[in-house]
Amino acid sequence: MKKSSIILIAIIAVAIAMILVIYTDSSTYSTFTEAKEKKTELYVVGQLNKDKVLHYDPKTDANKFSFFMYDNEGTECEVVFRGAKPQDIERSEQIVLTGKMDGNVFRASKILMKCPSKYNDKSVVTEINATAFNN
Amino acid sequence: MDVNYVGEHLLPGQIGQFFIVLSFGAALLSCIAYFFATKNPEETSWKKIARIGFWVNAVSVVAVGATLFYIIYNHFFEYNYAFAHSSRDLPTYYIISSFWEGQEGSFWLWMFWQTVLGAILLFKAKSWETSVMTFVMLCQAFLASMIIGVELLGLRIGSSPFILLRDAMDFPILKQANYLSLIKDGNGLNPLLQNYWMVIHPPTLFLGFASMIVPFAYATGALWTKRYKEWISAALPWALFAVMILGAGIIMGSFWAYEALNFGGFWAWDPVENASIIPWFTLIAAVHVMIAYKNSGHSYFTATFLAMISFVLVIYASYLTRSGVLGETSVHSFTDLGMSGQLILFNVAFLVIMVVFLVIKKKEMPITEKDEEIYSREFWMFIGALVLTVACAQIIASTSIPVFNKIFGTKVAPPLEPIQHYNKWQSGFAVIVMIMTGFTQFLKYKRSDSRKFLASTVASLAVAIILTAIISYFTKTYTNLIYILITFASIFCILANIRVLGDAVKGKWKLAGSSVAHIGFGLLLIGAMVAAATNEVISVNNTGYIAVSGFDKVEKPGENLFLTEGEPVQMGEYKITYIGDSIAAPNTYYKIKYERVDEETGKVKEQFVLQPFAQNNAKMGGLIGTPATKHYITHDVYTLITAAAAESQAQHSKTANEEKTGFEDYEEPATYQVNIGDTLRYRNGYYVIEGLNKEAQLEKIPKGPNDVMVGLKIKVVAADNKQYEVQPIYLIKDGGIYDFNKDVTDQGLKFRFTGIKPDKDKLEIMVYQKPLPEKKWVVFKAIKFPYINFFWCGTIIMTIGFIMSIVRRNKEEKRKLAK
């Protein structure tokens with residue numbers, strides 16, 4: 001067998017191993033209940049509770065925004081986001097949070113919102129990061 | 001039901017639609033004719049038909065573009081495309097950008113470039129024309145079908161840019177005959193795209209994508225017509241061109257992201273970015289193995305496979321970004337037009353062509369049975385290409401998670417920290433690839449002297465280690481092993497290539513292109529690594545942070561800083577002041593003054609004003625910030641507005657409108673017991689109680705015989721000596737006590753005459769004052785990016801290297817043909 005063929009096989013093996021490892025790095029879409037049990041960073045999908053007050057007061061703290069959200073199981077939880085309030089979150093129809101549970105509060109590091117577009121029936125997705133990427 | 005719609009311009013749309021259909025038909029005809037022309041080279045009539053088809057297609061494509069431009073330029077909002085992607089106030093040069101905000105326009109752009117490339121092939125490809133153009137025109141027909149917008153057997157094929165608004169949307173208002181008079185303006189262009197980089201980034205990127213069909217078509221055409229060996233040198237200049245343009249397009253996108261987007265960086269491993277870099281990786285690998293084959297006869301299959309898969313991956317990339325499959329994972333993919341079936345078909349068609357040719361012709365391929373020498377350049381070029389392919393496989397695997405979810409019905413979420421996830425893998429690959437790119441320079445094709453090789457390598461390694469130590473020290477990246485390794489590998493690669501360049505100066509000029517490109521890539525990598533690893537948020541908010549209740553203690557201080565107009569704040573080495581703003585609709589520019597003050601003398605050493613701007617855009621969901629950046633040679637200071645006063649004030653007034661009492665705009669009132677002649681102060685001046693007016697009258701309320709109606713004359717004197725007279729009224733009517741307040745709107749004052757106290761000989765008044773107008777404020781974020789200029793600089797050098805290589809390979813091919 002040629003050297004190049006041996007190396008080719010070796011590299012394909014490495015590639016397959018790599019793809020398996022990638023899947024251990026991947027995450028799951030989860031709920032607040034699960035977040036409470038696991039205490040690790042994960043995604044939570046849900047909707048904003050529009051009846052409760054969204055709290056953002058940049059004068060006292062420009063980096064704190066809190067609101068209440070229902071996950072897809074209907075569990076409500078307070079969410080605290082270290083960053084400025086994403087504009088138009090009131091209009092969002094779906095929110096994907098990245099973060100973890102801390103006591104009874106979910107600390108979000110990223111908010112991905114899906115808002116109905118004003119002019120057409122397609123949704124617009126917006127992503128807001130809590131902090132820069134170097135954290 | 002027929003309605004006579006008023007004011008529509010239907011002719012341009014019909015012309016445009018006609019040319020779309022014509023372009024599809026002509027492309028298909030040309031493809032078929034080229035197919036038969038390749039099969040029967042003696043019969044020249046096939047080639048003639050094919051060429052006519054090509055030119056009809058070319059004219060149609062240009063006509064479609066011109067019509068679409070005419071529609072957008074003249075604001076014919078009866079067309080959905082013009083309505084959705086432009087508005088009246090859009091400057092002409094951004095009309096060009098609105099072309100590629102939508103999928104239809106960007107498909108057109110792809111078609112247009114393919115037409116240009118096709119025209120060049122028509123004149124230059126000579127004996128390759130028929131076989132190569134068969135595949136180019138097949139792709140052209142597929143692209144035309146994406147914008148054809150017709151229904152066939154209940155299936156909608158493509159999405160036409162000439163569809164009317166009233167057909168595209170289902171709003172009752174659009175059923176009225178005069179609906180056009182109700183549409184004042186279009187939806188406008190996404191503010192993020194209103195940037196000069198967006199005028200040139202998409203055309204460059206699409207030229208890169210489009211030109212990748214050429215190596216594919218050469219490789220496939222070669223297998224088809226059994227001209228196995230020839231295609232490599234013929235397609236090499238094209239492959240280099242595609243790699244150069246796509247590379248430049250990707251970096252332009254990255255520069256746009258850095259200059260105009262608000263995610264605070266130049267590369268975020270967003271699926272859309274990944275989609276464009278995937279084919280770049282494989283084609284880079286292809287270029288290297290193609291050169292290796294040309295010089296040694298090894299790696300034929302790999303070269304052919306990589307050239308072909310690159311274009312299949314281009315189509316896969318457009319499936320990822322256009323089908324809506326990325327939906328939840330990417331911010332800036334296109335919206336779904338319901339064409340994923342068609343895109344999959346496009347993808348599968350070219351994949352099948354590739355697989356069929358590779359399998360059927362495998363036995364006839366010129367594959368050598370000889371074993372490669374370890375001390376040979378081609379061997380390591382081959383290994384390097386494989387490593388690049390594996391690196392690419394990692395990006396494909398991670399980016400395709402939503403696709404796998406769709407296929408297998410799973411619900412796997414992508415990695416939580418995508419940047420760390422990709423960086424972890426790609427930095428490892430980068431180190432391996434760069435070290436190989438370095439030492440391979442010391443090897444010769446076929447067989448090299450191992451002693452000489454080791455001597456040169458060790459010498460370069462030693463110098464690289466010293467330089468790495470110095471650079472790591474100055475860029476402060478010595479804390480992390482992988483950073484050091486990347487720096488070392490890149491430096492080693494640069495040094496090795498400088499040596500080759502040194503030889504080039506002595507006369508071997510033809511090798512210069514690749515070494516310049518390698519040096520550029522090495523610099524790019526160091527710049528990207530240092531900027532990404534050591535960028536720091538300098539707008540760290542320490543104040544106001546402690547004041548926040550208990551549970552925030554565990555977290556680091558926020559990265560947004562609150563600035564009130566005119567009040568300087570110290571931020572690191574800078575004193576920053578928000579000095580005001582100016583409006584250039586639709587943007588508001590916020591002036592942030594930066595000053596560096598000498599601590600001892602108090603002198604201002606340096607000062608500059610950055611003007612990040614923001615646009616309040618309903619379509620994008622509120623305030624969209626665009627950063628402003630101060631460029632230094634060694635670092636950049638990047639500033640972005642994340643919230644501003646106008647926004648919150650607008651929200652305040654909204655709530656006030658709901659239940660208005662007339663007093664909520666005022667502060668808590670003050671009550672005074674006064675006598676005639678008293679003078680009292682208020683915030684902006686004073687007022688004098690001048691006297692009572694017993695003759696006071698009120699409209700609508702007649703004075704009864706037992707009623708008391710007294711006015712109190714008050715003179716207000718403001719600080720600027722302006723005088724105002726007011727007369728609040730006190731009324732006792734039918735035993736009830738009332739009072740009627742009076743305002744001095746200019747001064748934000750409201751007076752009530754609330755009582756007469758004869759026992760104390762006093763009059764009682766209540767004074768309401770409006771709070772001082774709220775000071776303007778902004779919330780902003782500033783990031784320092786060190787050594788990012790290496791990144792841009794490396795890109796430019798790399799592009800120059802590619803140009804040199806293209807010139808060289810093109811000359812070689814011409815010389816060969818001349819023989």
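Every read-out reported here was derived from the displayed coordinates using simple, explicitly stated rules and does not represent laboratory data. The structure presented is a predicted model; accordingly, all values stated were derived computationally and were not measured. We place every Cβ from the backbone using ideal geometry, glycine too, and count neighbours over all the protein chains shown.
Which value, to two decimals, describes the C-alpha radius of gyration of the stretch B:666-769 once divided by 2.2 N^0.38 Å?
Normalised by 2.2 N^0.38 Å, the Cα Rg of the stretch B:666-769 equals 1.07.
Highest first, please rank the peptides B:741-747, B:597-603 by the mean number of other Cβ atoms sitting within 10 Å of their residues.
By packing density, highest mean first, the sequence is B:741-747, B:597-603.
Tell me the angle of helix B:340-360 to the major Cα principal axis of chain B, expressed in degrees between 0 and 90 and rounded to the nearest ten.
The angle comes out at about 20 degrees.
What's the center-to-center distance, using Cα atoms, between the stretch B:231-298 and the stretch B:392-457 in Å?
14
Evaluate the relative contact order of chain B (contact order divided by residue number), counting alpha-carbon pairs under 8 angstrom at least 6 apart; express in whole percent.
Normalised by residue count, the contact order of chain B is 10 percent.
For a quick check: with amide H placed at 1.01 Å from N, whose amide H comes under 5 Å from B:K713's, ignoring anything fewer than 5 positions away on the same chain?
It is B:E690, B:G691, B:L692, B:N693, by chain and number.
Report the residues of the stretch B:196-217 in range of a label on B:I796: point 7 Å along Cα→C-beta, backbone N strictly under 20 Å from it.
Backbone N within reach: B:196-201, B:204-205.
Given the C-alpha centroids of the stretch B:146-200 and the stretch B:11-53, what is the distance between them in whole angstrom?
First find each Cα centre; the distance between them is then 29 Å.
Using 0.36 nm per residue of separation minus the Cα-Cα distance, give me the extension gain between B:I52 and B:V355 in nm, one decimal.
Result: 106.0 nm gained on full extension.
Across the stretch B:459-467, in residue order, what do the Karplus-derived ³J(HN,Hα) couplings come to in whole Hz, using 6.51 cos²θ - 1.76 cosθ + 1.60 with θ = phi - 60° and x for Gly and Pro?
Those phi angles translate into 4, 5, 4, 4, 4, 4, 5, 5, 4 Hz.
Under 19 Å from a label point 7 Å along Cα→Cβ of B:T634: give me every residue in the stretch B:582-601 with its amide N that close.
Under cut-off, by backbone N: B:595-599.
On a 0 to 90° scale, report how tilted helix B:103-124 is relative to the longest principal axis of chain B, with both axes built from alpha carbons and the result rounded to the nearest 10.
Compared with the principal axis, the helix lies near 30 degrees.
Once the Cβ-Cβ distance between A:I7 and B:E812 is put in as r, and R0 is 35 Å, what FRET efficiency do you end up with, to the nearest 0.05?
Computed FRET efficiency for A:I7 and B:E812 comes out at 0.75.
Listed here are the pairs B:K506/B:K819; B:K370/B:K819; B:K48/B:K226; B:K226/B:K811; B:K742/B:K776; which of them are more than 26 Å apart at the Cα?
Checking Cα-Cα distances, B:K506/B:K819; B:K370/B:K819; B:K742/B:K776 exceed 26 Å.
Explain nothing, just the number: relative contact order of the stretch B:34-150, from Cα pairs under 8 Å at least 6 residues apart, as a whole percent.
In percent, rounded to a whole number, it is 28.
Under a point spin-label approximation (7 Å from Cα along Cα-to-Cβ), what is the B:K770-B:I803 distance to one decimal in nm?
Between B:K770 and B:I803, the simple spin-label model gives 6.1 nm.
In terms of modelled amide H atoms, which long-range or inter-chain residues lie less than 5 Å from the amide H of A:N63?
Placed amide hydrogens put nothing under 5 Å from A:N63.
Can you give the mean number of other chain Cβ atoms that lie within 10 Å of the Cβ atoms in peptide B:409-421?
5
Determine ³J(HN,Hα), in whole Hz, for all residues of the stretch B:594-604 in sequence, where each value follows from phi through the Karplus function 6.51 cos²θ - 1.76 cosθ + 1.60 and θ = phi - 60°; x replaces Gly and Pro.
Working through the residues one at a time gives 9, 10, 10, 10, 5, 5, 7, 8, x, 7, 7 Hz.
Could you grab the relative contact order for the stretch B:666-769? Cα pairs under 8 Å, six or more apart, rounded to a whole percent.
Reported as a whole number, the value is 27 percent.
Quick one: what does P(r) look like for the protein assembly as shown with 20 Å bins over all Cα pairs, in whole %?
12, 36, 32, 13, 6, 2, 0
Can you compute 3J(HN,Hα) from phi for each residue in the stretch B:631-639, using the Karplus curve 6.51 cos²θ - 1.76 cosθ + 1.60 with θ = phi - 60°, rounded to whole Hz and x for Gly and Pro?
My calculation for the stretch B:631-639 gives 9, 10, 5, 9, 7, 10, 10, 10, 10 Hz in order.
Please give, to one decimal in nm, the separation of the simple spin-label points placed at B:V609 and B:Y738, each 7 Å out from Cα toward the Cβ.
5.4
Where does the charge balance sit around B:K742 when Lys and Arg score +1, Asp and Glu -1, over other residues with C-beta under 12 Å from its C-beta?
0
Please compute the modelled spin-label separation between B:T44 and B:V116, points set 7 Å along Cα→Cβ, answer in nm with one decimal.
3.2
Pull up the cross-link candidates among the lysines for B:K784, meaning alpha carbon to alpha carbon under 21 Å and not fewer than 8 places away within one chain.
B:K476, B:K556, B:K575, B:K591, B:K593, B:K605, B:K630
Starting from the amide H of B:E536, placed 1.01 Å from N in the peptide plane, find each other amide H under 5 Å away whose residue is 5 or more places distant or on another chain.
B:K784
Which value in deg cm²/dmol, rounded to the nearest 500, describes the helix-derived mean residue ellipticity at 222 nm for chain B, given -39,500 (n - 2.57) per DSSP H run of n ≥ 4 and division by the residue count?
-17500 deg cm²/dmol
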